[in-house]
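The values are calculated or read from the model by the stated rules, or taken from the named source; none is laboratory data. Here the structure is a predicted model, which means the values were calculated and not measured. Neighbour counts run over all protein chains shown; Cβ positions are idealised from the backbone, glycine included.
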Amino acid sequence: DSGVTQTPKHLITATGQRVTLRCSPRSGDLSVYWYQQSLDQGLQFLIQYYNGEERAKGNILERFSAQQFPDLHSELNLSSLELGDSALYFCASSVGTSGGRTDTQYFGPGTRLTVL
Amino acid sequence: AQKVTQAQTEISVVEKEDVTLDCVYETRDTTYYLFWYKQPPSGELVFLIRRNSFDEQNEISGRYSWNFQKSTSSFNFTITASQVVDSAVYFCALTVWGAQKLVFGQGTRLTINP
């Protein structure tokens, strides 16, 4: 158990809908990352937050957005869902610093999203 | 840009055999970090090891060992005396100083047969 929690574990929805994925980082970690794992694209970085602020952005679609709240939990919002958005979405956390230090990322169990 | 290549898509061995998973990386940065993660059938990603570019010492942890060679840009992972519980998809990943995102290889699916 990495200490990172994600809810829900599974999510089934229809095209055009909007969903919210939730992540709670390990105790003491300030950085949260979101990754998407799909069969065709593999594991891809989406976005990172550090202590409530967006720190880095990857291949995240405009239909997707995220935020990190004062209690450090994070939410990934996916809207206007398409069939191709079906994937396993991982949240990871790390200690995080305001500088450029690279910390080890610990991953949550993932949320499996199925868009029908 | 960074790139990680895991050329072995699938490996299948019999229990107790030794097996090596290959990882080749590309980066122009001089300070970088390499990782291995395990994804068992249950789906979570489990951290195994982290290696910094300035530390080329090989590491052994029980039946697991890692061989980091900057000259060939490789960070290979060996499991000695494999067990059925080692069956999983293994990912090699890379990040560089100042960047936070991990760049993952495509993964190697390892099946250990009893």
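Here is how the numbers come out for the structure above:
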{"quantity": "Wholly enclosed strands (runs of 3 or more DSSP E) of the stretch B:4-114 bearing at least 1 residues within 11 Å of chain A (Cβ to nearest Cβ) and surrounded by 16 or more Cβ atoms within 10 Å (Cβ to Cβ)", "calculated": "B:32-39, B:46-52, B:88-96"}
{"quantity": "Qualifying residues in the stretch A:23-35 (those that are surrounded by 15 or more Cβ atoms within 10 Å (Cβ to Cβ) and more than 11 Å from chain B (Cβ to nearest Cβ)) - the one farthest from A:Phe107 (Cα to Cα)", "calculated": "A:Leu30"}
{"quantity": "Among the candidates A:Ser93, A:Ser80, residue that is surrounded by 18 or more Cβ atoms within 10 Å (Cβ to Cβ) and either of a type in the set (Ser, Thr, Tyr) or free of Cβ contacts under 8 Å to residues at least 40 places away in the same chain (or both)", "calculated": "A:Ser93"}
{"quantity": "Selection count where residues are of a type in the set (A, V, I, L, M, F, W, C), surrounded by fewer than 18 Cβ atoms within 10 Å (Cβ to Cβ) and under 15 Å from B:Ala99 (Cβ atoms), scope the stretch A:36-68", "calculated": "1"}
{"quantity": "Count of residues meeting criterion [under 14 Å from the mean Cα position of the chain (by Cα) and assigned to a loop (DSSP other than H, G, I, E, B)] in the stretch A:7-25", "calculated": "3"}
{"quantity": "Extreme residue, farthest from the other protein chains (Cβ to nearest Cβ), among residues of the stretch A:61-100 that are among the small types (Gly, Ala, Ser) and part of a strand (DSSP E or B)", "calculated": "A:Ser65"}
{"quantity": "Of all residues in the stretch A:1-20 being among the charged types (D, E, K, R) and touching a residue at least 12 places away in the same chain (Cβ under 8 Å), the one that is nearest to the other protein chains (Cβ to nearest Cβ)", "calculated": "A:Lys9"}
{"quantity": "Matching residues in the stretch A:48-59 - criterion: being in contact (Cβ under 8 Å) with a residue 24 or more places away in the chain and either part of a loop (DSSP other than H, G, I, E, B) or under 12 Å from the mean Cα position of the chain (by Cα) (or both)", "calculated": "A:Tyr49, A:Asn51"}
{"quantity": "Among (1) closer than 20 Å to B:Phe47 by Cα; (2) in a loop (DSSP other than H, G, I, E, B); (3) modelled with pLDDT of 95 or more, the one test that A:Phe45 misses", "calculated": "(2)"}
